[in-house]
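A.B. asks: Take a look at this one; I'll ask things after.
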Amino acid sequence: MLKPLIVEIKFYSTLREVIGREALRLRLKRGATVQEVLGRLISRYGKKLKEKLSQRGNWVIMLNDRNIKFMNDLETSLKDGDCIAILSPLSGG
């Protein structure tokens with residue numbers, strides 16, 4: 001049996017307010033994608049998160065400090081220990 005992978009997701013801007021925390025870890029099956037992470041988050045945090053994320057052009061999703069748009073976008077595969085950051089392009093420090 002394959003060992004599941006664990007990824008960390010960091011939230012910024014109004015997503016942090018919706019989630020109620022700065023970061024969380026998710027346990028996923030091997031071969032999971034960024035899209036699957038977003039689906040799990042929406043299942044867990046509901047309609048308000050779905051509405052925020054549906055404004056896709058307003059968010060930048062980074063995987064290990066690289067924009068997923070320059071990878072396989074939402075179909076980018078994840079590895080154990082990966083870190084996803086979801087932030088607004090206008091977020092500041």
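What follows is calculated from the coordinates using simple rules that are stated; it is not laboratory data. Keep in mind that this is a model prediction, so the values were computed, not measured. Heads up, the Cβs are rebuilt from the backbone with ideal geometry, glycines too, and the neighbour counts pull from every protein chain shown.
A.B. asks: Please compute the modelled spin-label separation between Asn64 and Gln35, points set 7 Å along Cα→Cβ, answer in nm with one decimal.
C.D. replies: Label at Gln35, label at Asn64, 2.2 nm between them.
A.B. asks: Taking DSSP loops as anything outside H, G, I, E and B, show the longest stretch in the chain free of trypsin sites (Lys or Arg not before Pro) there with at most 16 other beta carbons within 10 Å.
C.D. replies: Counting at most 16 other Cβ atoms within 10 Å as exposed, the longest clean stretch of the chain is 31-78.
A.B. asks: DSSP loop GluC sites (Glu not before Pro) in segment 1-82 with at most 14 other Cβ atoms within 10 Å of their Cβ, which ones?
C.D. replies: Those that pass, being in a loop and sparsely packed, are Glu22.
A.B. asks: Moving on to the next point. Enter the angle in degrees (range 0 to 90, nearest 10) between the Cα long axis of helix 34-54 and the first principal axis of the Cα atoms of the chain, meaning the one along which they spread out most.
C.D. replies: Once rounded, one gets 20 degrees.
A.B. asks: With runs of 4+ DSSP H residues as the only contributors, calculate the mean residue ellipticity of the chain at 222 nm using -39,500 (n - 2.57) per run, divided by the residue total and rounded to the nearest 500.
C.D. replies: Details: 2 runs with 28 residues, N = 93.
Helix contribution divided over all residues of the chain: -9500 deg cm²/dmol.
A.B. asks: Beyond 18 Å between alpha-carbons counts as too far, so tell me which of Lys10/Lys50; Lys48/Lys79; Lys52/Lys79 fall in that bin.
C.D. replies: As for pairs spanning more than 18 Å Cα to Cα, those are Lys48/Lys79; Lys52/Lys79.
A.B. asks: Let me know the Kirkwood hydrodynamic radius for segment 5-87, please, with Cα pairs as the basis and the value in Å to one decimal.
C.D. replies: With all distinct Cα pairs of segment 5-87 included, I get 12.7 Å.
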